[in-house]
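A.B. asks: Take this structure, written in structure tokens, and hold onto it; I'll ask about it next.
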Amino acid sequence: MILFGIPKEKTYTREELISKVSSFKKMSAKYSGRSTPAGRELFLNTTEGKVRVLGYNLEATERLPLFVNIHGGGFIIGGPEMDDPYMMNVALNANVKILSVDYSLAPQAMFPKGLNECYAVIKYAQDHPDEFGIDPQKTAVGGHSAGGNFSAAICLKNAQTKLSPSWAGSANDAFNNKAKMLIKDVDSAIGQIDDSINAIEAAVRHYQEVDRRLAESVKQSIR
């Protein structure tokens, strides 16, 4: 007996999709962060057109590494204001400068528009390091949810296009080092699990023997 059926797949036109997500966009706007963001609003003339970003710690006089932040929201909602409350804290604690990208959202903007805008912001920053006071050889990109997806895609795109080999190399080296550390941690964890399993099995055998002796003792006592 089937209690729950699988709903039939629905096909929407682009206009219908835009209409459906508009309510989510309005709702998310209420929780998008401060009405006046702490980040400095900038509009960068990138290869993908003018892209809005929020900048943090840009007033620092020393040349610092750059972190490019990409917000989440399922590719359809949100903006850099979502992450604004803690971006300055990240900038100060990590001693970096930050550009948080306000990329175009779906379904109004079709893929890969948003991805290309994020990549173009990084490329612009690397081509204009003096404008931001950054070290172009020390660039990182990250985000959560959809931002994490775009971050991974940006690294893959950069490795394929080789527009910035120095960044690609440092990113790949960092990734490989992190991967090696992760593998080492996993191996260590597996070893600890194996030790725990062996200890549990030994304890089970011990108590099985205790039960056997107890049962034997009971039998002897009632004879």
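A.B. asks: Would you mind telling me the antiparallel percentage of the DSSP bridges in the stretch 27-163, rounded to 5? Walk me through the intermediate numbers first.
C.D. replies: Working: 12 of 23 bridges.
Expressed as a percentage, antiparallel bridges in the stretch 27-163 total about 50.
A.B. asks: Follow-up question, since we're still on this one. Quick one: order Leu54, Leu99 by neighbouring beta-carbon count within 10 Å, fewest to most.
C.D. replies: Details: Leu54 24, Leu99 29.
Ascending Cβ contact count within 10 Å gives the list Leu54, Leu99.
A.B. asks: Report the Stokes-Einstein translational diffusion coefficient (µm² s⁻¹, integer) for the stretch 27-163, Rh taken as the Kirkwood radius over Cα pairs, at 25 °C with viscosity 0.890 mPa s. Numbers along the way, then the final one.
C.D. replies: Working: Rh = 14.8 Å.
In µm²/s, the coefficient rounds to 166.
A.B. asks: Right, next: Going down the list Lys25/Lys157; Lys97/Lys157; Lys123/Lys157; Lys97/Lys123; Lys50/Lys113, which pairs span over 19 Å between their C-alpha atoms? Write out the running numbers ahead of the final one.
C.D. replies: Values: Lys25/Lys157 28 Å; Lys97/Lys157 23 Å; Lys123/Lys157 12 Å; Lys97/Lys123 15 Å; Lys50/Lys113 12 Å.
Lys25/Lys157; Lys97/Lys157, as the Cα separations exceed 19 Å there.
Bear in mind that the values in this text are calculations on the coordinates, not laboratory data. Please read these numbers as outputs of a predicted model, since none were measured by experiment. So basically every Cβ, Gly included, is an ideal-geometry build from the backbone, and we count neighbours across all protein chains shown.
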